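Working notes, beginning with the structure itself.
Bear in mind that the values in this text are calculations on the coordinates, not laboratory data. Since this is a predicted model, take the numbers as computed values, not measurements. Cβ placement follows ideal geometry from the backbone for every residue including glycine, while neighbour counts extend to all protein chains displayed.
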Amino acid sequence: MAPIAPQPGIMDIALYEGGKSAIAGRDDVLKLSSNENPRGPSPAAMEAVRASAATLHRYPSTDHAALRTAISDVHGLDAGRIVCGVGSDEIIHVLCQAYAGPGDEVLYPEHGFAMYRISALAAGATPVVARERERRVDVDALLAMASERTRLVFLANPANPTGTMLHEAEVARLAAGLPEACLLVLDGAYVEYAEGCDGGAALVESRDDVVMTRTFSKLYGLGGLRIGWGYAPRAVIDVLNRIRGPFNLSGTQLSAAEAAMRDRAFVAETLAINAAQRARLTQALRAMGIACDDSQANFVLARFRSPEEAGAADLHLQARGILVRRVTGYGFPEGLRITVGTEADTTRVLDALARFREEAA
């Protein structure tokens, strides 16, 4: 009897690999491989998680009204145009389910998030990649690759793993130049770290073909709970709400995210720490002769002289209990992506890399 075959495209999906979190034989591991908030979640969010234990026997809200209201209050958005999901990953996935399929194309930059390709293939669509220029998104390349078959264009801004950012005027030019019947999806997983940027909210307000996604996994320190949200035209929200799971977020997730969103003092403190340590890390890496761009996120992409040197540096850091991320799969075999940590974390990383340079001299 022949085995039951999955839908076309699914077996072309490579299993996703997250950042390492453990080193055998060490209990002092410094994990800087997954762009997590080094401070953890806010005290308000942790208290909300504890309080939610009393209602674990109750089904959660299906409309996520309280969380959508909190997001609306903080960001000045229309709560009726907000959708919540299991991380921004789920928003990306249901967008592909809803708007792309066999014969359609999903377009994204060459160093784009792995979930763009995964979700496109899962929907039966064809992933299409546009070249970047000097680790920056090239709007002209994206527009050249767009066709009448393009249904979704994904753009992370700031981008991962580069940390570089496309100016708002260029994002608007991209939106205006795309074919009809195509949605531009602005992935804002790291946008809070880019001072003064709205993540595309104004563009969503002014157009009917732009969607913005955000996450609670980075700035808010809730990666372990998997919570994200999107902001979109009402017609798109209506579609997404029809296919997402009605109970896709638990009561614990919803309570923690609402508390985290409203704890603006914790957010401000976290952003200040990130900005200071990101600048310190960038300056020190360059002083050691390790190239890196100015990052607008909570990580820095350190570029070594060769893939071999990057591999040796990675092993050197691991030997000292430090985990960073090799980003070969994202097109940077010479790169190590280093999450921005606390002042003590940065000191530990820089001391280890300084020793690596000394031993290699």
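Lys and Arg at +1, Asp and Glu at -1: add these up for the other residues within a Cβ distance under 14 Å of residue 350 and post the number.
Summing Lys/Arg as +1 and Asp/Glu as -1 gives +3.
What number comes out for the charge environment of residue 127, summing +1 per Lys or Arg and -1 per Asp or Glu over other residues with Cβ under 13 Å away? Before the final figure, lay out the partial values.
Working: positive: 117, 149, 151; negative: 12, 104, 105, 110.
It works out to a net charge of -1.
Can you give the extra length, in nm with one decimal, that the chain gains between residue 207 and residue 50 once fully stretched, where that is 0.36 nm per residue apart less the Cα-Cα distance? Kindly include the intermediate steps, with their values, before the conclusion.
On the way: separation 157, 0.36 × 157 = 56.52 nm, distance 4.07 nm.
Fully extending the segment from residue 207 to residue 50 adds 52.4 nm.
Order of 232-245, 79-92 by packing, highest average Cβ count within 10 Å first?
Result, highest mean first: 79-92, 232-245.
Connecting C-alpha atoms closer than 10 Å in a GNM of the chain, tell me which of 252, 162, 215 has the biggest fluctuation.
252
Pop out the ³J(HN,Hα) list for the stretch 321-330 in order, Karplus 6.51 cos²θ - 1.76 cosθ + 1.60 with θ = phi - 60°, rounded to Hz; leave Gly and Pro as x.
x, 10, 10, 10, 10, 5, 10, 4, x, 9
For the stretch 43-263, rounded, prolate or oblate, judged on the Cα gyration tensor with a ≥ b ≥ c (square roots of eigenvalues), a/c < 1.5 rounded, else prolate if a/b > b/c?
Because a/c hits 1.5 or more and a/b exceeds b/c, the stretch 43-263 counts as prolate.
If neighbour count is taken as other Cβ atoms inside 10 Å, put 227, 290, 13 in order from fewest to most. Write out the running numbers ahead of the final one.
Numbers: 227 31, 290 21, 13 15.
Placing the least packed residue first, the sequence is 13, 290, 227.
In a shell of Cβ-Cβ distance under 10 Å around residue 324, excluding residue 324 itself, what net charge do Lys and Arg (+1) and Asp and Glu (-1) give?
Working: positive: 20, 31, 325, 326, 337; negative: 314.
With Lys, Arg at +1 and Asp, Glu at -1, the neighbours total +4.
So who's got an amide H within less than 5 Å of the one on residue 30, skipping anything under 5 residues away but keeping other chains? H placed 1.01 Å off N, in plane.
Amide H neighbours of residue 30: 322, 323.
Please give the Cα centre distance for the stretch 226-259 versus the stretch 114-137, rounded to the nearest Å.
Spelled out, the Cα-based centre of one part sits 24 Å from the other.
Name the residues whose placed amide hydrogens come within less than 5 Å of the amide hydrogen of residue 130, ignoring near sequence neighbours (fewer than 5 apart) on the same chain.
Long-range HN contacts for residue 130: 108, 110.
Distance between Cα centroids, the stretch 286-313 to the stretch 168-192: provide it in whole Å.
Here the two parts' Cα centres lie 28 Å apart.
Using a Gaussian network model on the chain with a 10 Å cutoff between Cα atoms, which of 189, 65, 120 fluctuates the most?
65
Considering only DSSP beta bridges where both residues belong to the stretch 176-310, give the percentage that are antiparallel (nearest 5).
Around 55 percent of the beta bridges assigned by DSSP in the stretch 176-310 are antiparallel ones.
Once you have a ≥ b ≥ c as the square roots of the Cα gyration tensor eigenvalues for the stretch 302-361, tell me rounded if a/c is under 1.5, and otherwise prolate or oblate according to whether a/b is larger than b/c.
Since a/c reaches 1.5 but b/c is at least a/b, the shape of the stretch 302-361 is classed as oblate.
Restricting to the chain, what percent of DSSP beta bridges are antiparallel, rounded to 5?
DSSP beta bridges in the chain are roughly 50 percent antiparallel.
Can you tell me which of 47, 205, 132 moves the most in a GNM of the chain? Springs connect C-alpha atoms under 10 Å apart.
Comparing 47, 205, 132 in the GNM, the peak value goes to 47.
Pop out the ³J(HN,Hα) list for the stretch 249-263 in order, Karplus 6.51 cos²θ - 1.76 cosθ + 1.60 with θ = phi - 60°, rounded to Hz; leave Gly and Pro as x.
3J(HN,Hα) across the stretch 249-263, in whole Hz: 10, 6, x, 5, 4, 5, 5, 5, 5, 4, 5, 5, 4, 7, 8.
Taking θ = phi - 60°, what integer Hz values does the Karplus form 6.51 cos²θ - 1.76 cosθ + 1.60 yield along the stretch 229-239, in sequence order, with x for Gly and Pro?
8, x, 10, 8, x, 4, 5, 5, 4, 4, 5
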